[in-house]
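Asker: One structure coming up, written as structure tokens, with questions to follow.
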Protein chains: 4
Amino acid sequence: MSRKEQKEKTRRRILSSAFELFKEQGYLKCNTADIALRAGTAHGTLFLHFGTKEQLLFECIEERLIDISNRLSHAARDAENLESMLRIYLHHIGNELEFETMIAREMPLLPVSLQRKIMAIRSGIAADFYQVLEWEMENGTIRHVDPAMALNFWFGTLNYYLANQALFAGDGNIIETSGNQLISYFIQSLRR
Amino acid sequence: MSRKEQKEKTRRRILSSAFELFKEQGYLKCNTADIALRAGTAHGTLFLHFGTKEQLLFECIEERLIDISNRLSHAARDAENLESMLRIYLHHIGNELEFETMIAREMPLLPVSLQRKIMAIRSGIAADFYQVLEWEMENGTIRHVDPAMALNFWFGTLNYYLANQALFAGDGNIIETSGNQLISYFIQSLRR
Amino acid sequence: MSRKEQKEKTRRRILSSAFELFKEQGYLKCNTADIALRAGTAHGTLFLHFGTKEQLLFECIEERLIDISNRLSHAARDAENLESMLRIYLHHIGNELEFETMIAREMPLLPVSLQRKIMAIRSGIAADFYQVLEWEMENGTIRHVDPAMALNFWFGTLNYYLANQALFAGDGNIIETSGNQLISYFIQSLRR
Amino acid sequence: MSRKEQKEKTRRRILSSAFELFKEQGYLKCNTADIALRAGTAHGTLFLHFGTKEQLLFECIEERLIDISNRLSHAARDAENLESMLRIYLHHIGNELEFETMIAREMPLLPVSLQRKIMAIRSGIAADFYQVLEWEMENGTIRHVDPAMALNFWFGTLNYYLANQALFAGDGNIIETSGNQLISYFIQSLRR
DNA sequence: AATGAATGAGGCTTCATTCAT
DNA sequence: TATGAATGAAGCCTCATTCAT
């Protein structure tokens, strides 16, 4: 294996152990030494690859978000309408529940620059939704509303549920518990 | 009596300097020594009055929330309809913007027990909204919806705006910037 | 009730709550605020009466030791021989087990001056033993030994059992568990 | 290899400065910052190597006890009888007088789990004594006694002397002052 | 490129004692 | 005489980051 490959492998190990610990304990509460430990590398190596803990978080998030984003966009092509799109979206959130929960909880405490980067990555998903919304509006299947506001209500409420999951669902899976309600209420609020 | 007053005064100084620093820096990032310093007391005095940093936060929150809650409930009596109630609510949030922002941001990271206490205090406000919603539904001025879900969308979205204020409004006042939009979208979504 | 009586009453309340807490938690681990709290007096009052925590300990010990010492000396008059005397002694220790345990554990960490005071009070008990030992030696019921050394073995071993009670008896009562063994071994070692 | 050596060196510096301070001031009264200072390392380094103050104490004790234990066991092989064994033992105690004094004084105040560990390490020494005692009993050179009790009297009394050394010997060396007396009394008490 | 020992500032909390009332 | 609020030094421990190897 070449030097470059070796390096990449180390990088990936750190990234994935960071991902695990961020999910398990949250970004603020987990520490870099444990991340390196679980990655099987030296503590210092982590900083060699990522410079700071924050940068590690960003790259961790970036990768995952882009991945989720892509898978979601891909799945969204099959969505015939808003409802199936919402369903697909919640399904993906449910699959990455711990990760999405962490982001919902900790993003507001991160530096704004980082928040912006996260939002930028997510804008693709928003665009997909946007399109479906407009399409349904044109078809007359939903009311004419400001699509941006509609999405803020959707993402906002979902975020709220994720961030405060402990209150809404205890240890349960908030998507399983409340996903259908969220979808049906949201759809209903857009009906004519 | 003077002794008691003196103590109460100290308590209030700590409470209000904590309140300021929590708002300025957030609960997690500010430290107890600075709070005591700004309050003009010894560091130890803070723990004499509040025991732990967390308890200080709770009492800080409790007082404010109860106050806001009361003022809001009082104002809500004059509300003839949902819209004026939402307006009153946002007005109060706007008055305590930094504080509400801090809560929106940091609550998900606090111990669940503390989260519950906060929710318990806020339940009074929710009840007021609940009543107005049901009243309007009976009157036929809004559609028949699950009022609990409606409120979750309202509070959820608002929370989302507050927590991620930096993205939505930069340094501006998110209530001034987006308050009307939020209200009108929410009302609209409830229209028949 | 006169001023003086009132003062004495306060003093006694502090003394007895200190006694309780010293037994329950040990001198080093318990704190003066709790003592005052349990005594139902102000924290400052404690220092008015005793000056320092250490002085409080001393007066607390002094009173009890003198009391125990007296009762013991009194009981010792009825002792016909060494064995009954040892038995009486262990009985008294057993009655004040927590207190004696605390002294055994914490005395070596106290200022030497305080240690000396404690020893001085206890010297009366030692003298009683001394007498019985010599008497039995004269009678020929036990061997001729250095009575001072014999007593050191007795008190030393007993102290060792008390101080390390957790290891020897867990939560049980070390006197009940091992008292008879101690006596019989000690007696046996003095037989001709 | 140099890295490992360097680390070991630091570890040893901390260990030995801790050892010194524990002896000089006692475990409870000395503080970790001073230990690090004397070791010439940063305060945090201490916790890197030992985790907690208590663990530092344990490792400090463990090392010494095992060392003393080994040297003692080794020397015990040459002991032809109980007396020479006691002499060897006291000699070793005398060499580590401050350390043994600290243990005698502070062990009863340590967490029971730690006490047990200490006892476990010491059990080897006790076993050596046990053997000699039984051997002498078989040979008829000493009386038939419960060897466990005999050892408790020996170790108990010795502990008592060590813990309360200040009273028995002032600043002098208690082993030099009283060692012979202890041995001869103990031996005598086992004679037929 | 990787290591991992070392750093040291920073954080929360405790508590015997004082002193103004 | 009694109060009890206030003090502030002291204590243990954490952790992102650096740098010599």
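Asker: Within the group A:69, A:2, which residue is away from DNA strand F (no atom under 12 Å from the Cβ), assigned by TED's automatic domain parsing to the domain that holds residue A:118 and polar (S, T, N, Q)?
Answerer: One residue alone meets the criteria, A:69.
Asker: Could you list all residues from the range D:35-51 that are surrounded by fewer than 15 Cβ atoms within 10 Å (Cβ to Cβ) and away from DNA strand E (no atom under 12 Å from the Cβ)?
Answerer: D:51
Asker: Tell me which residues, restricted to the range B:5-22, are over 21 Å from the mean Cα position of the chain (by Cα) and either crowded, with 17+ Cβ neighbours inside 10 Å or at positive phi (or both). Step through it out loud before you land on a result.
Answerer: Step one: filter the range B:5-22 for residues over 21 Å from the mean Cα position of the chain (by Cα), giving B:5-11.
If the condition is that a residue be over 21 Å from the mean Cα position of the chain (by Cα) and either crowded, with 17+ Cβ neighbours inside 10 Å or at positive phi (or both), then B:10, B:11 are the ones that fit.
Asker: While we're here: Under 7 Å between Cβ atoms, which residue pairs at least 6 apart in sequence (or on different chains) link something in the range B:1-23 that is more than 15 Å from residue B:58 (Cβ to Cβ) with a partner that is assigned to a helix (DSSP H, G or I) and near DNA strand E (Cβ under 10 Å from one of its atoms)?
Answerer: B:10/B:45; B:17/B:35; B:21/B:34; B:21/B:35
Asker: Tell me whether the range B:144-161 contains one or more residues that are assigned to a helix (DSSP H, G or I), touching a Gly at 6+ places or on another chain (Cβ under 6 Å) and under 24 Å from residue B:28 (Cβ atoms).
Answerer: yes
Asker: Name the residue that is surrounded by the most Cβ atoms within 10 Å (Cβ to Cβ), counting only residues in the range D:87-117 that are over 15 Å from residue D:162 (Cβ atoms) and more than 14 Å from chain C (Cβ to nearest Cβ).
Answerer: Checking each candidate, the answer is D:88.
Asker: Within the range D:142-192, how many residues turn out to be at the interface with chain C (Cβ under 8 Å from one of its Cβ atoms) and on the phi > 0 side of the Ramachandran plot?
Answerer: 0
Asker: Spot the failing condition for residue D:37; the list is (1) aliphatic (A, V, I, L, M); (2) more than 8 Å from DNA strand F (Cβ to nearest atom); (3) touching a residue at least 40 places away in the same chain (Cβ under 8 Å), and only one is missed.
Answerer: (3) is the only condition that residue D:37 fails.
Asker: Cβ-Cβ below 6 Å, separation at least six or inter-chain, first residue in the range A:178-190 and of a type in the set (Ser, Thr, Tyr), second part of a helix (DSSP H, G or I): which pairs?
Answerer: Hits for this filter: A:185/B:149; A:189/B:189.
Asker: I need a count of the residues in the range A:52-74 that are surrounded by 13 or more Cβ atoms within 10 Å (Cβ to Cβ) and hydroxyl-bearing (Ser, Thr, Tyr).
Answerer: Qualifying residue count for the region: 2.
Asker: Scan the range B:18-34 for residues that are of a type in the set (A, V, I, L, M), within 13 Å of DNA strand F (Cβ to nearest atom) and in a helix (DSSP H, G or I) and jot them down.
Answerer: Selection gives B:33 alone.
The values are calculated or read from the model by the stated rules, or taken from the named source; none is laboratory data. From a predicted model like this one, the values you see are computed outputs, not experimental measurements. Neighbour counts run over all protein chains shown; Cβ positions are idealised from the backbone, glycine included.
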